1. Hey, could you check region 19-57 for residues that are of a type in the set (G, A, S) and in contact with a strand residue (DSSP E or B) (Cβ under 9 Å, 6 or more places away or on another chain) and say which is farthest from K7 (Cα to Cα)?
2. Find the residue count for region 16-50, including only residues that are in contact (Cβ under 8 Å) with a residue 24 or more places away in the chain and of a type in the set (A, V, I, L, M).
3. Considering only residues that are among the acidic types (D, E) and modelled with pLDDT of 95 or more, look in region 25-65 and name the one that is surrounded by the fewest Cβ atoms within 10 Å (Cβ to Cβ).
4. Could you look through region 25-49, keep only residues that are in contact with a helix residue (DSSP H, G or I) (Cβ under 6 Å, 6 or more places away or on another chain) and not in a strand (DSSP E or B), and pick out the one that is nearest to H60 (Cα to Cα)?
5. Output the number of residues of region 14-53 satisfying the condition of being among the charged types (D, E, K, R) and under 8 Å from the mean Cα position of the chain (by Cα).
Amino acid sequence: MSATATKRPPLLTPDDIAERWKVRRKYVLELARKKDLASIKVGRYTRFEQAAVERYERAHREEAD
């Protein structure tokens, strides 16, 4: 790694997000497939940036009355 490279937060797996949201892994992958949740393909693996997950959460947050 070069001295000028910026350190990025680790990428999240579908299992990480499924556990965070208490949903099935398949649902997270479906959101990525439909392009509802931004993802990164690393070979055959799907990964997510923390910032993308937080953007999705903000966009889908429902406020109580």
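1. First, the residues of region 19-57 that are of a type in the set (G, A, S): 32, 38-39, 43, 51-52.
Those still in the list that are in contact with a strand residue (DSSP E or B) (Cβ under 9 Å, 6 or more places away or on another chain) too: 32, 38-39, 52.
Values: A32: 25, A38: 20, S39: 19, A52: 17 Å.
Per the stated criteria, the residue is A32.
2. Of the residues in region 16-50, 4 are in contact (Cβ under 8 Å) with a residue 24 or more places away in the chain and of a type in the set (A, V, I, L, M).
3. Going through region 25-65, the residues among the acidic types (D, E) turn out to be 30, 36, 49, 54, 57, 62-63, 65.
From what is left, the residues that are modelled with pLDDT of 95 or more are 30, 36, 49, 54, 57.
Numbers: E30: 14, D36: 12, E49: 16, E54: 10, E57: 13.
Looking at residues that are among the acidic types (D, E) and modelled with pLDDT of 95 or more, I get E54.
4. That would be L37.
5. 2
The values are calculated or read from the model by the stated rules, or taken from the named source; none is laboratory data. As the structure is a computational prediction, the values presented were derived from the model and not from experiment. As a convention, Cβ positions derive from the backbone with ideal geometry for all residues, glycine included, and neighbour counts pool all protein chains shown.
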